[in-house]
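The structure under discussion appears below in the form of structure tokens.
The values are calculated or read from the model by the stated rules, or taken from the named source; none is laboratory data. Note that the structure is predicted; figures quoted are calculated from it, not measured. Here Cβ is always computed from backbone atoms with ideal geometry, including for glycine, and neighbour counts include all displayed protein chains. In case anyone asks, the SASA skips ligands and DNA or RNA and just uses the protein heavy atoms, side chains included. Shrake-Rupley method; radii C 1.70, N 1.55, O 1.52, S 1.80 Å.
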Amino acid sequence: MKSVQIGICGLGTVGSGVYNILQRNAELINCRANSAITVTHIGSRRDNPLCDIGQTRISRDIFEVARDPDIDIVVELIGGTSVAFDLVMMSIKHGKHVVTANKALIAENGAEIIAAAEQRGVIVAFEAAVAGGIPIVKALREGLAGNRINWLAGIINGTSNFILSEMASKGRAFPDVLAEAQAKGYAEADPTFDIEGIDAAHKLAILASLAFSIPLNIEGIFIQGITQLQQLDIVYARELGYAIKHLGIARQTDEGVELRVHPTLIPEASVIAGVNGVLNAVMVDADALGSSLYYGRGAGSEPTASSVLADIVDISRTLDNPPSSWVPTLGCPLTRLVEQEMIPVTNIETCYYLRFSMFDAPGALSDATKIMAEAGISIEAIIQKEQPVGIDYVNVIVVTNRIPERLLNAALSKIEQLSSVQGSVFIIRLEHLDQ
Ligand code: HSE
């Protein structure tokens, strides 16, 4: 059996998980990789009490790992895009294969990294970068290789899903749940990446590249996080038969691709609506297969490490084969990826949940619904609750039919100008995930 030596850079939540699983399942993993896999060098500024590394060499300078002549695969788990970029590029330069869980790095610098790897004849693998332990990269790149992907939609940030699920099921406050997600190691070092949708956008860029054979690119993705949502939206949505999930949506249209990340109402009866806590799920609609769903833990130590190990096993098996026999990193060779037009969010067409505050006076509601009717917006559902004595403003909730977003926006600015309407109209996009 050939020997494969691994260098792990970063011994945090995921790094310790990789080390621990490799010890626990060594025999099985070696058998599957047809190699004797050993971690022989760790690069980490500090030790991790969750991981007993015994006599394994540890360097406080992670670049020592990239320079170590005995290392075959460098596992980059430090996160961020500056030091991590330098580490990955140096590893490639030294002829190391690279495994990373770093979605920001792949989404933002993937083109340069993969080009360097192709030129040097090494592999860069990133299964762990999207949806934690779910093998969605392999599914899109290999399992669905014979399909044209129509669209995909997924819960791809575990932290946001954990927060929304706890707010919905237990009525817990946002900051309290976020603190728990951080303590459990789900959240990014900067949790605004999770709650403002940036982490999900990085993952969507990777999924879109794999699905549509387009270059990695985060420009043009519409990004909205969960911080503007209120508990009352979750309650009203449920009353109307919907759950609110933070989704990444990628759709192939005749005009180009639509890439967007935002809170979304989805029917409570849909499978994805039942995906709660840190779980992720990606639904893919493909021309030959139809719909398929990939579901599992999207963050955390061992779930994410599970994907890192899958890449280590894949690379170990491949080491003796020529690069021409390897599965291209993004499904197609870099030179075969084709740019497409990015459709701006104002040009999408979907259904909407609208919430606005209105003075409780005769005719006020009909002024608003008249504007909608004139814009061709059909109201599918409406809620207005009786208010306690002394409160003059009421919340009005409207669910619309499908309409181009630019037409909706034009109607909403007229509604916001009505003297009876207070503040702006809050909108949440609504998808049925069936077309
Ligand atoms: N912060 C990420 C999440 C970790 O919550 O999904 C996994 O990528």
Selection from segment 379-419 of residues that are outside any helix (DSSP H, G or I), out of contact with any Asp or Glu (no Cβ under 6 Å at 6 or more places or on another chain) and within 13 Å of residue 353 (Cβ to Cβ): 379, 380, 381, 382, 383, 395, 396, 397, 398, 400, 403
Residue list for segment 381-418, restricted to those being of a type in the set (Gly, Ala, Ser) and modelled with pLDDT under 95: 390
Unmet requirement for residue 219, which otherwise passes all of (1) acidic (Asp, Glu); (2) under 19 Å from residue 245 (Cα atoms); (3) surrounded by fewer than 24 Cβ atoms within 10 Å (Cβ to Cβ): (2)
Any hit, segment 316-331, residues being closer than 23 Å to residue 2 by Cβ, at pLDDT 95 or above, polar (S, T, N, Q) and assigned to a helix (DSSP H, G or I): yes
Odd one out for residue 422, checked against (1) open to solvent by less than 80 Å² (accessible area, probe 1.4 Å); (2) within 23 Å of residue 232 (Cβ to Cβ); (3) not in a loop (DSSP other than H, G, I, E, B): (1)
All positions within segment 93-112 that are free of Cβ contacts under 8 Å to residues at least 40 places away in the same chain, out of contact with any helix residue (DSSP H, G or I) (no Cβ under 6 Å at 6 or more places or on another chain) and surrounded by 24 or more Cβ atoms within 10 Å (Cβ to Cβ): 100
For residue 232: the one exception among (1) outside any loop (DSSP other than H, G, I, E, B); (2) more than 27 Å from residue 344 (Cα to Cα); (3) within 16 Å of the ligand (Cβ to nearest atom): (3)
Single condition residue 321 does not satisfy, out of (1) under 22 Å from residue 37 (Cα atoms); (2) loosely packed, with under 14 Cβ neighbours inside 10 Å; (3) touching a residue at least 12 places away in the same chain (Cβ under 8 Å): (3)
Members of segment 189-199 found to be in contact with a strand residue (DSSP E or B) (Cβ under 8 Å, 6 or more places away or on another chain) and within 8 Å of the ligand (Cβ to nearest atom), listed by number: none
Flag if residue 209 is within 12 Å of the ligand (Cβ to nearest atom), open to solvent by less than 10 Å² (accessible area, probe 1.4 Å) and assigned to a helix (DSSP H, G or I): no
Candidate set: segment 113-136, residues that are part of a helix (DSSP H, G or I), touching a helix residue (DSSP H, G or I) at 6+ places or on another chain (Cβ under 6 Å) and not hydrophobic (A, V, I, L, M, F, W, C); chosen: the one farthest from the ligand (Cβ to nearest atom): 120
Condition broken by residue 244, with the remaining ones in (1) part of a strand (DSSP E or B); (2) within 16 Å of the ligand (Cβ to nearest atom); (3) open to solvent by 10 Å² or more (accessible area, probe 1.4 Å) satisfied: (2)
Output for segment 247-269, where each listed residue is within 17 Å of the chain's Cα centre (by Cα) and either open to solvent by 20 Å² or more (accessible area, probe 1.4 Å) or without any contact (Cβ under 8 Å) to a residue 40 or more places away in the chain (or both): 251
Complete set of residues in segment 137-188 that are of a type in the set (Val, Ile, Thr) and within 16 Å of the ligand (Cβ to nearest atom): 137, 155, 156, 159, 163, 177
Conditions (1) under 15 Å from residue 199 (Cβ atoms); (2) assigned to a strand (DSSP E or B); number of the one not met by residue 153: (1)
Options 277, 220; residue that is within 16 Å of the ligand (Cβ to nearest atom) and either modelled with pLDDT of 95 or more or not in a strand (DSSP E or B) (or both): 277
